[in-house]
Amino acid sequence: MVLRGHSANPWDLRQWAPLADRYEVDVVVTPSNMFGTDDLPLPQTTVRSVRDYLPRGRVGDLAAKLPGDRYLGLQDALEGADIVHSAEIGPWFSGQAAALRSELGFKLALTVWETIPFRETYRTFRGRRYRAEALRHADLFLPTTERARQCLRLEGVEDDRLVVHPPGIDRGRFRPDGDPQAASGDHLILSPGRLVWEKGHQDVLRALAALERGLVSGPGGAPAPPARLLVVGSGPERKRLARYADDLGVAPFVEFRDSVPYDEMPDLYARASCMVLASIPIPMWEEQFGMVLAEAMASGTAIVAAASGAIPEVVGEPADLVSPGDWMGIAEALASGPLARPPGQRVLYAEDRLERYSAAAAAERLDAVYRELLGRP
């Protein structure tokens, strides 16, 4: 059984699909799940939660914090499971599963993206309890990066319960084919991610304005060619980002798309000359992996990214890294790199890195972990 609270999503869970012929994989989803899972090729079991009985929106989100969110009927859903695979050490759904482990007798694996060791000091009173349950009862922790592994070591997890396990993407879906029509148009810059301050979309808009006003130039002092920006995502900063684009004078060159079906993302990478991930660390978060980085690399899309959290570990050459918040650095990297090449031109990343982030490789790592937990050869 795979638990993700209200965050079950196709990009994270795709790596379980190749295991369907070896294990009975079932994903627990709630009616309040934030992402579409209809195209996920895995069985799904709906389990209601406290949040499902409250109004939609921020009012309901805040109201759920009073009694504390939790699955209602999780024990019945997990009855008979050999392995429960949840995520992180602080959320309610992992703490709830950990509390049931001894009674139901399953093995508990936890994928961990988190890269900041909050310990007890920086967690809420419920988060402290969930953390304690997870640290006590989890059989194995699967940090997605080396940085996450070091975080868990500071949280007090022993090395023999740690196995670094990067997520995987479908390399049959994300390929460096490119879009022939891209070569006949302007450069397209892609900025994907939730529309919140820490994802840095505002810095991408600033970089575009710097390019449009000629504040930076390409190789040999040549002016940067025209470029369009596509911002993909939804979130509370949507209206302000659109207003900011207008304020900067780049609104005619910027398009916002609230959501893009997962199946359409490969086409966007194929059209794009570059993807920018301009994440900015905030007190309680830094970029933990960035699945879009793996997707862009597999698609042969040039990358400009902020050196935040685990990003430098995930990407490799020829990606360009800039300091978080350095919008002029983003503009300069775009002008001297992706925008200096023909629109839509593909770049090559190291094959060993691409294969490490493939769903097939991730599935084999999961199989090895599960066989170890079940005592199978």
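The values are calculated or read from the model by the stated rules, or taken from the named source; none is laboratory data. From a predicted model like this one, the values you see are computed outputs, not experimental measurements. In this analysis, Cβ positions are derived from the backbone assuming ideal geometry, glycine residues included, and neighbour counts consider all displayed protein chains.
The lone criterion from (1) modelled with pLDDT of 95 or more; (2) in contact with a strand residue (DSSP E or B) (Cβ under 7 Å, 6 or more places away or on another chain); (3) more than 30 Å from residue 109 (Cα to Cα) left unmet by residue 343 is number (1).
Restricting 362, 335 to those that are modelled with pLDDT of 95 or more, surrounded by 21 or more Cβ atoms within 10 Å (Cβ to Cβ) and more than 24 Å from residue 226 (Cα to Cα) reduces the list to 362. Where helices (runs of 4 or more DSSP H) sit wholly within segment 1-80, those with at least 1 residues that are of a type outside the set (A, V, I, L, M) and modelled with pLDDT of 95 or more occupy 74-78. Note on segment 62-79: residues that are loosely packed, with under 13 Cβ neighbours inside 10 Å and small (Gly, Ala, Ser) amount to 1. In segment 283-300, the count of residues that are in contact (Cβ under 8 Å) with a residue 12 or more places away in the chain, under 21 Å from the mean Cα position of the chain (by Cα), in a strand (DSSP E or B) and in the same structural domain as residue 198 (by TED's automatic domain parsing) is one or more. Scanning for something crowded, with 17+ Cβ neighbours inside 10 Å and touching a Ser or Thr at 6+ places or on another chain (Cβ under 9 Å), does segment 233-246 turn up at least one residue? Within segment 233-246 (the criterion being crowded, with 17+ Cβ neighbours inside 10 Å and touching a Ser or Thr at 6+ places or on another chain (Cβ under 9 Å)), the answer is yes, since at least one residue qualifies. Out of 59, 29, 84, 112, which single residue is crowded, with 20+ Cβ neighbours inside 10 Å and over 25 Å from residue 152 (Cβ atoms)? That would be 29, the only listed residue that is crowded, with 20+ Cβ neighbours inside 10 Å and over 25 Å from residue 152 (Cβ atoms).
Those residues that are under 19 Å from the mean Cα position of the chain (by Cα) and at positive phi, I need them from segment 1-60; list them, please. Once the filter is applied, which keeps residues that are under 19 Å from the mean Cα position of the chain (by Cα) and at positive phi, segment 1-60 yields only 5.
Residues in segment 301-312 that are assigned to a strand (DSSP E or B) and touching a residue at least 40 places away in the same chain (Cβ under 8 Å) were compared, and the one that is surrounded by the most Cβ atoms within 10 Å (Cβ to Cβ) is 306.
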